[in-house]
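Read through the structure below, which is laid out as structure tokens, and then see the notes.
The values are calculated or read from the model by the stated rules, or taken from the named source; none is laboratory data. This structure is a prediction, so every number in the text was calculated from the model and none was measured. Note: ideal-geometry Cβ built from the backbone for every residue, glycine included; neighbour counts use all protein chains shown.
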Amino acid sequence: MTKIIQKQTGKIVLGCEHFLAHHLDIVKNKKVGLITNPTGTDSQLNSLIDLFHKNPDIDLVALYGPEHGVYGDAQSGEYVPFHTDEKYGLPVFSLYGQSMRSVSEGPQDMDASMRSFDTVADGKFLEDSMIESVDVLVFDIQDIGTRIYTYVTTMAYCMQVCANKGIEFVVLDRPNPINGVNMEGPVLEYPEFSSFVGLYPIPVRHGMTTGELAHFFNDRFLPEKVNLNVIPMKGWTRSMWYDHTGLPWIFPSPNIPTLQTAIVYPGQVFLEGTNISEGRGTTKPFEQFGAPWINGHELIQRLNNLALLGVKFRETWFLPNSSKFRGELCNGIQMHVFDRESFQPFQATLHIIKTVREMCPRQFQFHAHYFDKIIGSSVIRQAIEKETEICEIVSTYSPKVEEFAKLRGEYLLY
């Protein structure tokens, strides 16, 4: 019996709505740059770009897009070139790729590009020419509550440059869609494993909002503090899942089509560091996984016999139209989460990787460098290769998560 109950516990006033109603004094008589993507809307789906552009008290002079671009039309690993927005006549700068340089073609191998490009900082910082006319930079993007999601790194990189240049930085806060209570997965080993896909020592699932992370990053890690304003939400509580808020779901990125995808993502994203398809190029990315060489019937028996909390596994077949095994028929599994409160996505994926490796020792491979970068340590991969039990692996990182839970307390806004 499912325990996923959808309810609205009260009206949520987003940070952007609170800002437009009460805090325009922050940008009065200043030139404004906006970092956003399709999730940058109010609760009535009005585009923040449009709201800013029409507001006589906001002098919007430039747009900045993270990975996937301002319009969310670029796939993972795909460079996003500079261009001018036809509707607003504003320059659109890329914070993922080539900044002022045009790119005629995207990468031929999306997965290889992602693994190489996403671990470095090159091409992801604000350049002087991108901010020469900006007095205040505003960030409004929906995050999904998982460290291995590049928007919060983009935010941190922009904060760092703004601190150096004396530019004010404003974060318009949004919900953590997978709630602000649950935390899971290892804390990144800093600075050894710091990268664009995991910058600072936080767990895989951190239970914080972008505004809270901005305060945390600014106080703990930025060598020079930025003049930071975080505009909080009203009505959001930490136990809320996104479907409790009554807010419409907008794809945060092309491969996170639903809240259910975001729920499994804190574990399934690590399949990117293996040669198992994580379901990119299908209608159920991250919820289904497989490979041409996997026996799905045997795999579901092994996984369901583990009796993992809150989830069951079903055999499936799929034909990816992009990414790993493009055009090849894959046998694998679809995850069905029945109790998201007890479900532990990170642990579940560790079991998946360990089980597939045991079943298919000749075919299974780690992309070791990338896997270690996204997981934030080499210890877990090495433990799996030594056939260590998952419960033992979890016990090695759990104390660090408990330490983080205490540390984050002073930065929580809700």
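Summary table
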item: Odd one out for Gln344, checked against (1) surrounded by 18 or more Cβ atoms within 10 Å (Cβ to Cβ); (2) closer than 30 Å to Met240 by Cα; (3) touching a helix residue (DSSP H, G or I) at 6+ places or on another chain (Cβ under 7 Å); result: (3)
item: Some residue of segment 311-334 being under 25 Å from Asn179 (Cβ atoms), in contact (Cβ under 8 Å) with a residue 60 or more places away in the chain and either surrounded by 14 or more Cβ atoms within 10 Å (Cβ to Cβ) or touching a His at 6+ places or on another chain (Cβ under 6 Å) (or both); result: no
item: One residue from Gly267, Gly246, Gly235 being of a type in the set (Gly, Ala, Ser) and within 30 Å of Ala112 (Cβ to Cβ); result: Gly267
item: Test: residue in segment 336-345 that is of a type outside the set (Lys, Arg) and in a helix (DSSP H, G or I); result: yes
item: Residue match in segment 356-366 (condition: within 17 Å of Leu271 (Cβ to Cβ) and crowded, with 20+ Cβ neighbours inside 10 Å); result: yes
item: Pair list, Cβ under 8 Å, 6 or more apart: segment 262-286 residue without any contact (Cβ under 8 Å) to a residue 60 or more places away in the chain, other residue of a type in the set (Ser, Thr, Tyr) and buried (at least 24 other Cβ atoms within 10 Å of the Cβ); result: Phe286/Tyr265
item: Considering residues of segment 167-189 that are farther than 14 Å from Tyr151 by Cα, of a type outside the set (Asp, Glu) and in contact with a strand residue (DSSP E or B) (Cβ under 9 Å, 6 or more places away or on another chain) only, the residue surrounded by the most Cβ atoms within 10 Å (Cβ to Cβ); result: Gly185
item: Selected residue [closer than 23 Å to Ile300 by Cβ, more than 21 Å from the chain's Cα centre (by Cα) and not in a helix (DSSP H, G or I)] from Ile333, Ile393, Ile384; result: Ile333
item: Odd one out for Arg302, checked against (1) among the basic types (Lys, Arg); (2) surrounded by fewer than 20 Cβ atoms within 10 Å (Cβ to Cβ); (3) farther than 25 Å from Gln382 by Cβ; result: (3)
item: Criterion: farther than 29 Å from Gln260 by Cβ, modelled with pLDDT of 95 or more and in a loop (DSSP other than H, G, I, E, B) - qualifying residue of Pro56, Pro38; result: Pro56
item: Failed item, numbered, when Leu299 is tested on (1) part of a loop (DSSP other than H, G, I, E, B); (2) in contact (Cβ under 8 Å) with a residue 40 or more places away in the chain; (3) out of contact with any Pro (no Cβ under 6 Å at 6 or more places or on another chain); result: (1)
item: Qualifying residue in segment 308-315 (condition: over 30 Å from Met159 (Cβ atoms), part of a loop (DSSP other than H, G, I, E, B) and either under 18 Å from the mean Cα position of the chain (by Cα) or at pLDDT below 95 (or both)); result: no
